[in-house]
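Worksheet: one structure, shown below.
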């Protein structure tokens, strides 16, 4: 009787783990969706304000930039568009205008993606992946250069 109960317990444990889902994939999905939504909102702000905005990407995160008379500067004092750090094991691969970018960590202000006051956006594909999951998610521009999010496994 104890052996049967132990076997049932083991089977139930594996069933719960299998059904439980991929927690890291869920976090990665949230992280990539947030990036897509922030890009959309920054693009809208650029159009509404008649300003040139950009995003600087590096292997550890991203920050929003604004073009001024002195050149590009980091947006400061804006909680929504504050610099963001990616989770420690998140990998970001970016293709810009058909070429893979070598993202580097730098203190210099260098725009990666442009969000122009005309409504145009740099044509890009950003792929979010992580060590602990097979899933991946894409943020990219479509044919009309509008920002879209998609599950990279579908």
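Within segment 73-112, which residues have the backbone N less than 15 Å from the label spot 7 Å out from residue 37 along Cα→beta-carbon, could you tell me? Zone members listed by number: 80-82.
Rounded, prolate or oblate, given the Cα gyration tensor of segment 23-151, with a/c below 1.5 counting as rounded? Prolate, because a/c is 1.5 or more and a/b exceeds b/c.
Helix 2-19 and the longest principal axis of the C-alpha atoms of the chain enclose an angle of approximately 20°.
Inter-part distance, segment 27-64 to segment 85-126, computed on C-alpha centroids, equals 10 Å. Protection proxy ranking of 72-83, 23-34, 96-107, by the mean of other Cβ atoms within 10 Å over each peptide's residues and highest first, is 23-34, 72-83, 96-107. Seen against the Cα atoms of the chain and their longest principal axis, helix 23-49 is set at about 20 degrees. The modelled label-to-label distance between residue 109 and residue 88, using points 7 Å beyond Cα along the C-beta direction, is 3.2 nm.
Extents of segment 77-154, taken as max minus min of Cα coordinates on every principal axis and listed largest first, are 38, 32, 26 Å.
Each helix, a run of at least 4 DSSP H residues, gives -39500 (n - 2.57); summed and divided by the residues of the chain, these come to -10000 deg cm²/dmol at 222 nm. Can you classify segment 37-91 as rounded, prolate or oblate using the Cα gyration tensor, where a ≥ b ≥ c are the square roots of its eigenvalues, rounded means a/c under 1.5, and otherwise it's prolate if a/b beats b/c and oblate if not? Prolate, because a/c is 1.5 or more and a/b exceeds b/c. Arranged from fewest to most other beta-carbon atoms within 10 Å of their beta carbon, 92, 113 become 92, 113.
As a calculated quantity, the FRET efficiency between residue 97 and residue 133 at R0 = 30 Å, using C-beta atoms, amounts to about 0.55.
Read-outs throughout are calculated quantities, based only on the coordinates presented, and are distinct from any laboratory measurement. All figures in this text were calculated on a predicted structure; none of them were measured in a lab. FYI the Cβ positions are ideal-geometry reconstructions off the backbone, even for glycines, and counts take in every protein chain you see.
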